[in-house]
Each structure stands twice: as structure tokens, then as C-alpha cells.
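Have a look at the structure below before the remarks.
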Amino acid sequence: MSPRETGGTLNSLALSGLAGRLLIPPVVAFLLVSVYVVVEAIGFRGFARPEAKTAAEAAALGHAARTLQLMAEGQNPNQLQHVRADFLDAGEYDVRPLEAAILARHAELVRLLLRDGAASFDTSRASCFARARLPEVLPDLGAPVGDSAQPTDMAAAFKMCGAD
């Protein structure tokens, strides 16, 4: 073999290695995106949070529009509603939408729910939750404002307010 033939072979090998390094990542990325699109089209929502089924779940997520939509569809905001695990924390709870918004620390949603009439019940438990998790809404609930402590975690708030 002449040096020209050897150099030509080495250059073609180097070129094919370079071409492989340039072409393989986009092809792999295209395949991954294609698989993701097909799986989403089938109905798997692996990366999406579950949609709220109750107004309390929507309030826990801070989705004001969905909360009001579910209330307009007939869910009573003054009754206890089930909140599945991973909406407030790892536990499942039965709370009202107003209490869920307080526990999830969504002050504007609390005020919106109060304006929309979602407080036609004894708000002592909601006030207790507000003391534990969101003290800035206590005046909106008509409760006296105490010293502002650091917000507690969810389990401590339920233990303090006597609710499970």
C-alpha cells in the first residue's frame, strides 16, 4: 500500500467517526421525542400532574379557574371533599376548598373563595389552619391576628387543628 492509500483510509475512518458523533445525537433525540409523542397520544401522562377531580384538589394546586369551574358544575365548596395523595402532601385528606387553599398557602385563592361564598360554614378549623400555615389571611377569615410564626408542615397543622 502506498502512503496515499493508507492516508485515504485513515481520513475516511476519521471522517466516519466524526460523522457518527455528529449524526447519532440528533437521531437519538428524534427517536426519544417520537416515542414521547406516541405515548402521549395513547394517553399516558407520565410527566403531567393529575387533573383535579374536586374543587378542594384544584384549590390545593392553586388552580383558581378549575376550582371555580368545579364549583359552577355543582360541587359544594362548603362540604368536605376528598384530596388525593400528592396534592397537598403524601397523605390523603378530607377538607373544604377554602381549607385546601390555606393549607397549600395560596393566599389570593383564599380571598377569591371568600368573595365567591365558599365560607358558609364554621371557619374555626380554617382559621386554625391559617394560624399554622398562612397567617396573612387571618384578617380575611375574621380571626384575630396573633404573632406571626413560621408556617408549620402539613402533618403538624392537622395535628394542631385536631383534624385527620
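Read the figures in this text as sums done on the coordinates, not as results from a lab. Keep in mind that this is a model prediction, so the values were computed, not measured. Positions of Cβ are backbone-derived with ideal geometry, glycine not excepted, and every protein chain shown enters the neighbour counts.
Between I24 and D86, the C-beta separation translates, for a Förster distance of 35 Å, into a calculated FRET efficiency of about 0.40. For G91, the residues whose modelled amide H falls within less than 5 Å of its own, excluding neighbours fewer than 5 places apart on the same chain, are D86. Based on Cα contacts under 8 Å between residues 6+ apart, the chain shows a relative contact order of 15 percent. Let me make sure I get this right: for the range 46-110, a, b and c are the square roots of the gyration tensor eigenvalues over alpha carbons, sorted descending. Under 1.5 in a/c it's rounded, otherwise prolate if a/b > b/c, else oblate. Which is it? Note, shape of the range 46-110 comes out rounded.
Computed 3J(HN,Hα) for the range 98-105, one whole-Hz value per residue from the Karplus formula 6.51 cos²θ - 1.76 cosθ + 1.60 where θ = phi - 60°, is 4, 5, 5, 5, 5, 4, 8, 6, glycine and proline marked x. For the range 63-141, applying the loop criterion from DSSP together with a ceiling of 11 other beta carbons within 10 Å to the GluC sites (Glu not before Pro) yields E73.
Principal-axis analysis of the Cα atoms of the chain puts helix 124-133 at an angle of about 40° to the longest axis. Peptide packing: for 55-65, 120-130, the average count of neighbouring Cβ atoms within 10 Å per residue gives the ranking 55-65, 120-130, highest mean first. Close amide-amide hydrogen proximity is noted between Q81 and V95, R96, each under 5 Å apart and 5 or more residues distant or on a separate chain (H modeled in the peptide plane; Pro and chain starts excluded).
When all C-alpha to C-alpha distances in the chain are sorted into bins of 5 Å, what percent of pairs does each bin hold, rounded to whole numbers? For the chain, the binned pair fractions read 1, 8, 14, 15, 12, 8, 5, 5, 5, 4, 4, 4, 3, 3, 3, 3, 2, 1, 0, 0 percent. Put a dot 7 Å past the Cα of Y36, heading toward its Cβ, do the same for D153, and the two dots end up 3.2 nm apart. In the chain, helical runs assigned H by DSSP with n ≥ 4 each contribute -39500 (n - 2.57); averaged across all residues and rounded to the nearest 500, the mean residue ellipticity at 222 nm is -17500 deg cm²/dmol.
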